[in-house]
1. Just grab the label-to-label distance for residue 59 and residue 139, each label 7 Å out from Cα along the Cβ direction, in nm (one decimal).
2. Which of 264, 175 comes first, and how do the rest follow, when ranked by fewest Cβ neighbours within 10 Å?
3. Counting other beta carbons within 10 Å of each Cβ, put 250, 151 in order, fewest first.
4. Would you kindly state how much longer the chain becomes between residue 315 and residue 246 on full extension, computed as 0.36 nm times their sequence separation minus their alpha carbon distance, in nm to one decimal?
5. With each run of n ≥ 4 DSSP H residues scored as -39500 (n - 2.57), what mean residue ellipticity at 222 nm is computed for the chain after dividing by its residue count and rounding to the nearest 500 deg cm²/dmol?
6. Of 58, 205, 342, which is farthest towards the positive pole of the chain's charge dipole, taken about the Cα centre with +1 and -1 on the beta-carbons of Lys, Arg and Asp, Glu respectively?
7. Counting only GluC sites (Glu not before Pro) that are in a DSSP loop and have at most 12 other C-beta atoms within 10 Å, tell me the longest site-free stretch of the chain.
8. Can you return the lysines within cross-link range of residue 220? Criterion is Cα-Cα under 18 Å, with same-chain partners fewer than 8 residues away left out.
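Every read-out reported here was derived from the displayed coordinates using simple, explicitly stated rules and does not represent laboratory data. All of these numbers come straight from a predicted model, not from anything done at the bench. With ideal geometry, Cβ positions are generated from the backbone for all residues, glycine too; neighbour counts draw on all protein chains shown.
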Amino acid sequence: MKNTALSHIHEKLGAKMVPFAGYNMPVQYEGVNIEHQTVREGVGVFDVSHMGEFLIEGEHALALIQRVTSNDASKLNVGDAQYSCMPNADGGIVDDLIVYRVKEQTYLLVVNASNIEKDWHWISDHNSYSAEMRNISEAYSLLAIQGPKAIDAMQSLTSVDLSSIPFYKFKVADFAGIDHVIISATGYTGSGGFEIYCKNEEVEQVWQKVFEAGKPYGIKPIGLAARDTLRLEMGYCLYGNDIDDTTSPIEAGLGWITKFNKEFVNHEALKQQKEGGVQKKLVAFELTGKGIPRQGYDIVDAQGAKIGQVTSGTMSPSLKKGIGMGYVPKTTSKSGTEIFVQVRKKAIPATIVKLPFYKG
């Protein structure tokens, strides 16, 4: 089990540590609900240094990225970030990721921790362009400082006006006494804030200064459990749950990151899906009866026949009701449709709703 550069700090803080994607990670400190509300109302910090980072460089870097990702990276200026996915040859998804354009011919790809090796091989196998590739995952740390008070709490740590960085843009600047840190207005919570990329040997200093600066704002460390409830309230897909090697981006509602003005892996088949429609769709639902939906629970119709499966589910700390996502036939996917979730031996009624669950 690998440790992040901050694992010893999480242990000192009394975090419950669990194995996650090959890393020893903090799942919670005080409790999911408290940590969740801290991010929704104030500011919290996640150590997500287990995520993978690849540098793709050189004059053919863009050509390689355009080939393996579904979104149109040619639209990126230096300082832009873009959510994307890597389709596989069979209609599924290798991974979802964020692409950063760091310099004219340098791109940073941030991938899921559990897929680092798989993604590296996939991109390498498609690198007929001889783009320069470097896997820097082991050398870099990533902190997500999230919540509505993040800008005010962190402003004293940098010379950059944090309020001037739009969503999905970033600056390479000074932060917490360290030069050349990526300050990215991105996150996985829906409550605003930043993601900070720095070297492993710098992250402890950054962590300490972040907590000093954030003390008047009630800053707290946040674990992976609250990260999951926060992202689910926004309807953000989690790889391995809502998307995987067998689900297409069109089925998953990711048509908005699937651009057909270029050629990419399996673009023809996905284009046909986009134009001709799909058989199943990822939907969001709220339970109207009492219960908590969990991954793997069956979704059934009024007669009790199985029509799908829950891919993500929880008791929403903000809404105080059971929420979830899952794949159902397209004919059952309209907002307002009643479905049922099999919770143990009971079929609990639920309604398909539009995302996000949490409106802020």
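1. Calculated label separation equals 2.5 nm.
2. If I rank by nearby Cβ atoms, fewest first, I get 264, 175.
3. Fewest-to-most ranking of 250, 151: 151, 250.
4. Residue separation times 0.36 nm, minus the Cα-Cα distance, leaves 22.2 nm.
5. Computed ellipticity for the chain at 222 nm equals -6000 deg cm²/dmol.
6. Of the options given, the answer is 342.
7. Here the longest run is 105-262.
8. Within reach: 12, 16, 149, 209.
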